[in-house]
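**Q** Sharing a structure below in structure tokens format, with a few things to ask.
The values are calculated or read from the model by the stated rules, or taken from the named source; none is laboratory data. Keep in mind it's a predicted model, so treat the numbers as computed, not measured. Here Cβ is always computed from backbone atoms with ideal geometry, including for glycine, and neighbour counts include all displayed protein chains.
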Ligand code: GRG
């Protein structure tokens, strides 16, 4: 049932994204459409499901799902650049700077980030809730959220001083957690409802997601075969696995998954897809 719901959401998000991007001219338009293909659509799915829980229509929620998938896609395009992670492949295909060139990749990321806000403005919600949603997305993506996490990561690698568990947790709450949290809180934000239950869920889910990413780096993500661990300096980089050990990291991820599920108690069985999404994050292989 969860798998069917996820696949249905993936198809709907894919169609909506390509429709939103269909009129964009030049190579940048081609690269935006290319970049927005594929992926698990976890963030978009969280936005759609949290909206369903708060009686926000799927049409309205789709603007939020598309916007967050565009911001996520931008972060991947920029993260893959030679000045950052220098990756050749993303989602099993050449990265944007490999398929086109670096200037195209920089502009494609910039375009996806700014266009995401234009798409979000189309959401049919009352103006004060829309401002709340836009402000929260700016905060999640920017220097108090994802950019902060990425900057802390780069600084830690340059300093060659391995971080402790609290520092890694802070870094990852920004780098991967902030967009995941925004997605899960989009529903109550659009409805003008209390966000606290979904905030608790998303915080744990984001950390569990990152711990599993670190585990996949060690055990072999078929998409990248542990490529980050093979890079210069990456072997000395602190991760949840290097700090907690493989078994400790798996156990922490399972505990966080359970805490995430428990945070949704007040929604009862209505939240089963979000609870299953937490199990999916733990079991995923890519
Ligand atoms: C460039 C400002 C800036 C930030 C980049 C998110 C990020 C920050 C970098 C991505 C590096 C990375 C691979 C981090 C691990 C966690 C992560 C975000 C993985 C990719 O997300 P998935 O697995 O990707 O949800 P799909 O392809 O399924 O959408």
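**Q** Using the structure shown, decide if residue 171 is in contact with a helix residue (DSSP H, G or I) (Cβ under 8 Å, 6 or more places away or on another chain), under 27 Å from residue 244 (Cα atoms) and not in a loop (DSSP other than H, G, I, E, B).
**A** When the stated conditions are applied, residue 171 passes them.
**Q** So, in segment 134-168, exactly how many residues are in a helix (DSSP H, G or I), within 10 Å of the ligand (Cβ to nearest atom) and either under 16 Å from residue 203 (Cα atoms) or in contact with a strand residue (DSSP E or B) (Cβ under 7 Å, 6 or more places away or on another chain) (or both)?
**A** Number of matching residues: 3.
**Q** For segment 150-166, which residues satisfy the criterion of being at negative phi and in contact (Cβ under 8 Å) with a residue 40 or more places away in the chain?
**A** Within segment 150-166, 150, 154, 156, 157, 162, 163, 164, 165 meet the criteria.
**Q** Oh, and also: Assess whether residue 175 counts as being under 30 Å from residue 59 (Cα atoms), surrounded by fewer than 16 Cβ atoms within 10 Å (Cβ to Cβ) and within 17 Å of the chain's Cα centre (by Cα).
**A** Spelling it out, it is not the case that residue 175 is under 30 Å from residue 59 (Cα atoms), surrounded by fewer than 16 Cβ atoms within 10 Å (Cβ to Cβ) and within 17 Å of the chain's Cα centre (by Cα).
**Q** If you don't mind, another one. Which of the residues belonging to segment 203-212 are within 10 Å of the ligand (Cβ to nearest atom) and under 12 Å from the mean Cα position of the chain (by Cα)?
**A** 206, 209, 210
**Q** Among the candidates 76, 81, 113, single out the residue that is within 12 Å of the ligand (Cβ to nearest atom), under 24 Å from residue 145 (Cα atoms) and in contact with a strand residue (DSSP E or B) (Cβ under 7 Å, 6 or more places away or on another chain).
**A** Answer to the check: 76.
**Q** Something else about it: Among helices (runs of 4 or more DSSP H) lying entirely in segment 233-286, which contain 3 or more residues that are under 24 Å from residue 3 (Cα atoms) and modelled with pLDDT of 95 or more?
**A** Passing ranges, in order: 246-263, 272-283.
**Q** May I ask you to say which residue of 151, 155, 191 is surrounded by fewer than 22 Cβ atoms within 10 Å (Cβ to Cβ) and within 20 Å of the chain's Cα centre (by Cα)?
**A** 151
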